[in-house]
1. Determine, at each q value in 0.14, 0.17, 0.25, 0.31 (inverse angstroms), the log₁₀ of I(q)/I(0) that the Debye formula gives when each Cα of segment 82-132 is one equal point scatterer.
2. Mean 1/r over all different Cα pairs, inverted: what Kirkwood radius does the chain give, in Å?
3. Rg/Rh for segment 106-200 to two decimals, with Rh computed the Kirkwood way over all alpha-carbon pairs.
4. So what is the orientation-averaged projected area of segment 33-166, using the convex hull of its C-alpha atoms, in nm²?
5. At 1.4 Å probe size, with every protein chain present, just tell me what the per residue accessible area of segment 160-294 comes to in Å².
6. At 1.4 Å probe size, what's the solvent-accessible area of His175? Round to the nearest 10 Å².
7. Based solely on its DSSP helices, what 222 nm [θ] is calculated for the chain when runs of n ≥ 4 H residues each add -39,500 (n - 2.57) and the sum is averaged over all residues, nearest 500 deg cm²/dmol?
8. Apply the a/c threshold of 1.5 to the C-alpha gyration tensor of segment 323-378 and tell me whether it is rounded, prolate or oblate.
Amino acid sequence: MPLPFPAVTLDAGGVPRTVLWLSAAAPPHRLGDAGDRTPAAEALRRIRAGEALRYGGDFHNARQLLAALSRRLGPRPDPRLPPAAAFARERHRRREARLLLSRLLVPVGPGWRVPLPRAPEVEAALEEALGPPPEPPPGVEALLPLRDLLGAIGAHEWRRTGLPVAALGARIHPHHGVFAPVRGEYLELVAAELADRDLAGARAFDVGTGTGVLAFLAARRGARVVATDAEPRAVACARENAARLGLGDRVEVVEADLFPPGRADLVLCNPPWVPADAHSPLDRAVYDPGGRFLARFLAGLPAHLAPGGEALLTLSDLAERLGLRPPGFLSGAFGEAGLEPVSTRAAAPSHPRSRDEEDPLHLARKDEVVTLYRLRAR
């Protein structure tokens with residue numbers, strides 16, 4: 001049976017060295033050693049030159065080196081820049097940071113153990129993130145970017161403790177690689193729209209369900225919901241959350257690209273809000289390359305609405321404020337798809353970044369509006 005992770009051969013100071021590569025990021029070509037005495041300036045110079053560093057010292061010192069590298073990567077764009085320029089520069093900075101910071105590596109031993117002094121127990125976190133531990137061939141070491149490991153640890157804690165969702169009056173437990181419902185505005189808008197509705201006997205679709213939170217809001221009002229997502233991790237996450245909330249008999253979660261078969265009385269969708277390239281799988285919850293998800297959703301929506309049915313679509317106008325979509329784009333897109341907005345609800349953002357004057361996108365974020373569009377087929 002083939003290993004789930006690739007064995008790659010790297011140049012370790014002129015000597016070929018085969019390692020098991022545990023990351024979805026592209027493996028490096030060159031490998032060197034680093035430890036507790038490696039200065040951040042030297043580490044950054046070597047990383048910028050294309051070398052990945054295997055850390056062999058104290059785990060806490062490795063974390064400190066990663067933080068020092070992050071601080072040295074360069075300043076964030078000036079928040080006084082025009083929004084489009086600030087966005088382009090910030091996306092470039094984040095992409096470079098992701099690439100460079102993924103070159104600080106830690107060894108991973110059998111059973112998902114990190115054999116470094118003061119390393120935490122990470123077996124459960126890596127099992128959730130990467131699946132069963134591999135068994136490398138003799139003499140082959142497994143390596144993982146420290147940044148990936150810390151992300152898995154953080155995701156494990158969120159999954160264990162859950163995230164309170166005020167609109168639901170419950171906790172949602174995100175899985176690794178599934179975008180957490182940290183923006184409350186769109187949830188509050190949907191909850192307010194559904195508050196006076198009796199959906200008993202109604203069939204609903206939640207397209208791109210993620211953790212399942214919109215499906216649960218509709219199920220709480222009496223609907224039977226089919227929730228879809230193209231990502232297997234999201235499907236497993238939504239199913240687990242439905243069971244935790246006692247809604248497993250009202251919410252069916254299936255892996256599908258956009259719509260399930262048939263028609264629904266109510267279709268819910270909170271698509272990615274920003275039409276820009278995604279740099280990682282998790283980015284696809286926020287960034288919609290070329291606006292393709294939104295375009296396909298709108299084009300397919302009329303065929304999946306039952307007679308008299310309607311959709312609740314939540315979108316931010318941040319893309320328009322960043323110059324990534326022209327003003328009036330949505331009204332034109334609705335018309336082309338044979339849809340008409342019946343009503344709207346709007347909310348100002350409440351997350352801390354909307355008030356952070358040091359945020360490179362502050363000029364756009366401070367005036368951002370999140371809108372719920374109630375749509376029907378013409």
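The values are calculated or read from the model by the stated rules, or taken from the named source; none is laboratory data. Just so it is clear, the model here is predicted, and its values are computed rather than measured. Protein only, heavy atoms only, side chains kept; ligands, DNA and RNA dropped before computing areas. Shrake-Rupley method; radii C 1.70, N 1.55, O 1.52, S 1.80 Å.
1. The computed values of log10 I(q)/I(0) come out as -0.57, -0.68, -0.94, -1.09.
2. On the way: mean 1/r = 0.0440 Å⁻¹.
Computed over the chain, the radius equals 22.7 Å.
3. 1.19
4. Details: hull surface 43.7 nm².
Answer in nm², one decimal: 10.9.
5. 40 Å²
6. 20 Å²
7. -9500 deg cm²/dmol
8. Verdict is oblate for segment 323-378.
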